[in-house]
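In what follows, a structure is listed as structure tokens, so that the remarks can point back to it.
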Amino acid sequence: MSRILVTGANGFLGAHIVKEALDSGFRGARYSDVTAIIHSASPFVLSVNDPKKDLLEPAIEGTLTVLRAAQAAGIKRVVVTSSVGAVPNKPEMLFADVTYGPEDWLPVTYEQASSGQLPGFVVYLASKKFAELAAWDFAKEHPELKLTTINPTLVYGPVIHPISSLKSLNTSNLGIYSLINGSKETPPDSVPTFCDVVSTAKIHVKALESESVVGKRVLFSKGPATIHQILKIIAKARPELADRLPSIPEVDPLEGKTISRIDSSLAMDTLGVKGLDLEETVLQTVDSLLELERQLGTN
């Protein structure tokens with residue numbers, strides 16, 4: 001079995017990728033023995049003073065550094081984690097009545113992203129877009145490189161990497177923890193789609209072994225997920241948390257609104273990863289967060 005390098009292995013998704021790779025028979029190795037790379041490390045910053053210096057350039061150069069090193073070492077198979085956020089090409093983003101596919105790209109230009117005039121979240125999405133574009137440009141210049149990018153939507157799931165406090169949770173899980181920590185606050189429905197972290201990790205590992213996804217963007221979303229839906233799942237399945245939860249409106253604020261569809265056929269059909277449903281994903285996440293709370297306290 002191939003020996004692989006995983007960047008970002010100390011992060012939320014990266015730790016799951018390492019576990020899935022080991023469970024699938026892959027082995028870690030000294031860099032000189034590596035035959036494939038999964039590059040999942042990327043800066044996640046929403047508040048920046050200089051978008052170009054603090055976010056755009058680190059994301060692009062981080063990806064290119066890995067690809068250059070791979071090319072210099074003769075490593076021909078690379079999987080790069082991107083994001084569904086690099087995909088929506090409509091002003092309504094994930095609330096457009098469309099099915100987004102691998103051919104779609106966020107229409108923000110580099111000049112717009114580096115201007116300092118856009119919200120931090122949009123700059124982050126742009127950083128994913130331009131890092132991914134840089135990877136594809138590199139692959140065109142080096143046709144011996146077999147590149148695949150993985151574009152998941154908002155990723156929830158159990159935390160298996162070490163963290164020092166709940167404040168250092170990944171952003172998606174921090175959103176769920178904000179629902180159960182007693183603050184009674186409800187985060188915005190800015191990304192109303194989801195996928196689970198274990199399935200997302202499986203997609204990365206399976207992509208390494210599949211010639212069918214070489215040269216392709218593999219999008220992955222299990223489907224819609226609103227804060228209202230998540231709250232109702234928690235309230236029903238974990239009634240002991242009732243006094244922690246914010247009030248749940250009778251009607252979902254997003255009811256009647258369009259939520260974009262994501263073409264996940266390469267992940268689900270070609271690679272055979274269907275993903276967990278919303279209830280199982282939410283409850284696995286909640287149980288993991290409660291266990292961390294018991295271990296680390298609430299600070």
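Of all trypsin sites (Lys or Arg not before Pro) in region 1-91, which ones are in loop regions per DSSP and have a Cβ with at most 11 other Cβ atoms within 10 Å?
For trypsin sites (Lys or Arg not before Pro) across region 1-91 that sit outside H, G, I, E and B with at most 11 neighbouring Cβ atoms in 10 Å, the list reads Arg30.
Quote to one decimal, in nm, the extra length available between Glu240 and Leu296 on full extension: 0.36 nm per residue of separation minus the C-alpha distance between them.
Extra length from Glu240 to Leu296 when fully extended: 18.1 nm.
Per 0.36 nm of contour for each residue apart, how much would the distance between Asp269 and Leu283 grow if the chain were fully extended, relative to their Cα-Cα spacing?
Here the answer is 2.5 nm.
For q = 0.18, 0.19 Å⁻¹, what log10 I(q)/I(0) does region 10-151 give under the Debye formula with an equal point scatterer on each alpha carbon and no solvent?
Relative scattering, expressed as log10 I(q)/I(0), comes to -1.09, -1.17.
As an exercise, use a Förster radius of 22 Å and the Cβ-Cβ distance of Arg3 and Lys216 to find the FRET efficiency, rounded to the nearest 0.05.
Here the calculated transfer efficiency is 0.35.
For the chain, count all C-alpha to C-alpha pairs, find those more than 30 Å apart, and express that count as a whole percent of the total.
When all Cα pairs of the chain are counted, 32 percent exceed 30 Å.
Can you flag which of Lys52/Lys232; Lys146/Lys257; Lys184/Lys257; Lys52/Lys257 are past 30 Å Cα-Cα?
Flagged as over cut-off: Lys52/Lys232; Lys146/Lys257; Lys52/Lys257.
Explain nothing, just compute: Karplus ³J(HN,Hα) = 6.51 cos²θ - 1.76 cosθ + 1.60, θ = phi - 60°, for every residue of region 59-70 in order, whole Hz, x for Gly and Pro.
For region 59-70, the Karplus-derived couplings read 5, 5, 5, x, 5, 5, 4, 5, 5, 5, 5, 4 Hz, x marking Gly and Pro.
Given a Förster distance of 51 Å, report the FRET efficiency between Ser190 and Asp33 from their Cβ-Cβ distance, rounded to the nearest 0.05.
That pair, Ser190 with Asp33, gives E of 0.75.
State the Cα centre-to-centre distance between region 74-105 and region 145-218 in whole Å.
Cα centres, region 74-105 to region 145-218: 15 Å.
Which percentage, to the nearest 5, of the DSSP beta bridges contained in the chain is antiparallel?
Expressed as a percentage, antiparallel bridges in the chain total about 10.
Restricting to DSSP loop positions (anything but H, G, I, E, B) with no more than 13 other Cβ atoms inside 10 Å of their own Cβ, which GluC sites (Glu not before Pro) remain in region 206-299?
Within region 206-299, the qualifying GluC sites (Glu not before Pro) (loop, at most 13 other Cβ atoms within 10 Å) are Glu250, Glu255.
Where in region 166-194 does the amide nitrogen come within less than 17 Å of the point 7 Å from the Cα of Ser247, taken along Cα to Cβ?
It comes to 182-187, nothing else.
Using the Karplus curve 6.51 cos²θ - 1.76 cosθ + 1.60 with θ = phi - 60°, work out ³J(HN,Hα) for each residue of region 112-124 in order, rounded to whole Hz, and write x for Gly and Pro.
Rounded to whole hertz, the list is 5, 5, 8, 6, x, 9, 9, x, x, 5, 5, 5, 4.
In degrees from 0 to 90, rounded to the nearest 10, what is the angle of the helix 197-208 Cα long axis to the longest principal axis of the chain?
10
Amide H neighbours of Arg77 under 5 Å, counting only residues 5+ apart in sequence or on other chains, H built in-plane at 1.01 Å?
Ile37, Lys146
When we measure straight from the Cα of Lys53, which aspartates and glutamates land under 19 angstrom away, once same-chain ones fewer than 8 places off are left out?
Glu61, Glu111, Glu132
Which value at 222 nm does the chain reach when only helices count, each DSSP H run of 4 or more adding -39,500 (n - 2.57), with the total divided by all residues and rounded to the nearest 500 deg cm²/dmol?
-11500 deg cm²/dmol
Quick one: 3J(HN,Hα) in Hz for region 234-247, Karplus 6.51/-1.76/1.60 with θ = phi - 60°, rounded, Gly and Pro as x.
5, 4, 6, 8, 10, x, 5, 9, 4, 6, 8, 7, x, 5
Once the other residues with Cβ under 12 Å from the Cβ of Leu245 are scored (Lys, Arg +1; Asp, Glu -1), what is the net sum?
That works out to +2.
Using a basic spin-label model with each label point 7 Å from the Cα along Cα→Cβ, how many nm lie between Lys140 and Leu22?
So the label points at Lys140 and Leu22 sit 4.0 nm apart.
Any lysines with Cα under 17 Å of the Lys19 Cα? List them, leaving off those in the same chain fewer than 8 positions away.
Result set, ordered by chain and number: Lys202, Lys206.
Bear in mind that the values in this text are calculations on the coordinates, not laboratory data. Because the structure is predicted, anything quoted here is derived from the model rather than measured. Heads up, the Cβs are rebuilt from the backbone with ideal geometry, glycines too, and the neighbour counts pull from every protein chain shown.
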